[in-house]
Each structure stands twice: as structure tokens, then as C-alpha cells.
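Data first, discussion second: the structure below is written as C-alpha cells.
The values are calculated or read from the model by the stated rules, or taken from the named source; none is laboratory data. Remember, predicted model here, so these are calculated numbers, not experimental data. For neighbour counting, all protein chains shown are included, and Cβ atoms are generated from backbone atoms with ideal geometry for every residue, glycine included. Side chains are part of the model used for accessible areas, which takes the heavy atoms of the whole protein and leaves out ligands, DNA and RNA. Shrake-Rupley method; radii C 1.70, N 1.55, O 1.52, S 1.80 Å.
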Amino acid sequence: MHLIVGLGNIGDKYQLTRHNIGFLVIDEITKNLTTSNINKSNFKSDLFKSGYNLYSKPKTYMNHSGEAVHAIKEYYKLENENIIVIHDDLDLPFGSVKFKIGGGHGGHNGLRSIDSYIGKDYIRVRIGIGKPQDKTQVANYVLSNFSKEELNKLEDIISHTIKAIDSLKVEDIDVVKSKFTLK
């Protein structure tokens, strides 16, 4: 069983923000799957099951994502190697997709939270959102909507990411890195 977590913030005002790229990927993955909704309040998450996979959109807001991931991990007795977290990455150019296991959180509060609850050795799908020129604008930037031009490219980026995630379920991460990394 794999737990695929898309990071983001709940609420309509955040729906198309850069920080919500993880939610957008989960929405697209589950759109055509037959899923059952798992309603357990201690999961603090919109949680769906399809086949042997779980798909999560934490309801804790980004900064407390670890609470939801930890609750699901413990309940289903999952190993970190079976947890895939999809998140935005300021340090990658817009549209880049990279994969890694472990490493630092790079200032990403959602990853910081997850690391504090389950450790660092889970699979990360990093989707580049670019960054503002002025570093003092990072919070405003990640919480701002994608531009019209970026929205036009998102469908292809998300489609590519979903193919990579499907491969992560059956192939070694190094194989997936070589096949699916977009620079």
C-alpha cells in the first residue's frame, strides 16, 4: 500500500495558489479513479482509497501537514518508503519535477512538519514553482495564484507528475529519476 500525499492549504482562496500544487495533483489523480472516501476525524485529511493506494489532502493547513501524515501512517502501519509527498519547491524553476528521498526541508513548513512527525526518509516529488526576485516576498509568492501562462502549462506538468508517481509505486526511485525528472 502507498500513501500519496499532496500538500496544500484548504479553502477556496488557496485553490489555485502555487503552494497548492500537491492538492492539484491529488485532485487530478483521483478524478478518474473509483475511490472510497475514508472519514476518520483523527486523520485530519481528505483521504481516499483506490485499490491498494491511499490519497491524502491534509486539512491541517500546510504548516501542520505532519499531523495528518503521521495519523494515517500509524493507522495503516505504513513504512516511510511507501509514503510519497507531492509539494511545491521554490528552488526549482517553474515546471521542473524532481524526486528524492530524505534531505532537508529547505524552509518548506509542510515538509518541516512531516519530518518532525515521521522522519525524513519518505519519497518527495518536488514540483518547481520558481521564486520571487525579492526573498522577502516568498510568503506572498507561494500564496499567490498561478499566472495565466503558468495555468496553461499546469495540465502537462501534472500529467507528467502523475505518470512518475505511478512508476514510483513499482520502480526504484533512481529509475524514476532517470525517466521522469524535468529540468
- request: Determine, yes or no, whether residue 22 is in contact (Cβ under 8 Å) with a residue 60 or more places away in the chain and within 15 Å of the chain's Cα centre (by Cα).
  value: yes
message: What pairs come out if I take residues in region 84-97 that are closer than 24 Å to residue 171 by Cα and pair them with residues that are at pLDDT 95 or above and among the hydroxyl-bearing types (Ser, Thr, Tyr) whose C-beta lies under 8 Å away, six or more apart or interchain?
response: 84/122; 85/122
message: Going residue by residue through region 149-168, is there one that turns out to be outside any helix (DSSP H, G or I) and among the β-branched types (Val, Ile, Thr)?
response: no
message: The conditions are (1) within 19 Å of residue 9 (Cβ to Cβ); (2) surrounded by 15 or more Cβ atoms within 10 Å (Cβ to Cβ), and residue 167 fails exactly one of them. Which is it?
response: (1)
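Determine whether residue 47 is crowded, with 19+ Cβ neighbours inside 10 Å, in contact with a Lys or Arg (Cβ under 8 Å, 6 or more places away or on another chain) and free of Cβ contacts under 8 Å to residues at least 60 places away in the same chain.
Numbers: crowded, with 19+ Cβ neighbours inside 10 Å: yes; in contact with a Lys or Arg (Cβ under 8 Å, 6 or more places away or on another chain): yes; free of Cβ contacts under 8 Å to residues at least 60 places away in the same chain: yes.
So residue 47 passes the test.
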message: Looking at the structure I just gave you, is residue 144 in contact with a Lys or Arg (Cβ under 8 Å, 6 or more places away or on another chain), closer than 23 Å to residue 24 by Cβ and of a type in the set (Ser, Thr, Tyr)?
response: yes
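Can you tell me which residue among 38, 72, 4 is among the aliphatic types (A, V, I, L, M), more than 13 Å from the chain's Cα centre (by Cα), open to solvent by less than 80 Å² (accessible area, probe 1.4 Å) and under 16 Å from residue 114 (Cβ atoms)?
Details: 38 fails: under 16 Å from residue 114 (Cβ atoms); 4 fails: more than 13 Å from the chain's Cα centre (by Cα).
Going through 38, 72, 4 in turn, the sole match is 72.
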- request: Would you mind listing the strands (runs of 3 or more DSSP E) fully within region 1-89 where at least 2 residues are modelled with pLDDT under 95?
  value: 36-38, 45-50
- request: Collect the residues in region 90-119 that are open to solvent by 40 Å² or more (accessible area, probe 1.4 Å), more than 15 Å from residue 21 (Cα to Cα) and assigned to a helix (DSSP H, G or I), keeping them in residue-number order.
  value: 112, 116, 117
query: Residue check, residue 132 against (1) assigned to a helix (DSSP H, G or I); (2) open to solvent by 20 Å² or more (accessible area, probe 1.4 Å); (3) within 22 Å of residue 14 (Cα to Cα); (4) in contact with a Phe, Trp or Tyr (Cβ under 6 Å, 6 or more places away or on another chain), all met but one. Which one?
result: (1)
- request: Answer yes if at least one residue in region 135-148 is open to solvent by 80 Å² or more (accessible area, probe 1.4 Å), at pLDDT 95 or above and not in a helix (DSSP H, G or I), and no otherwise.
  value: yes
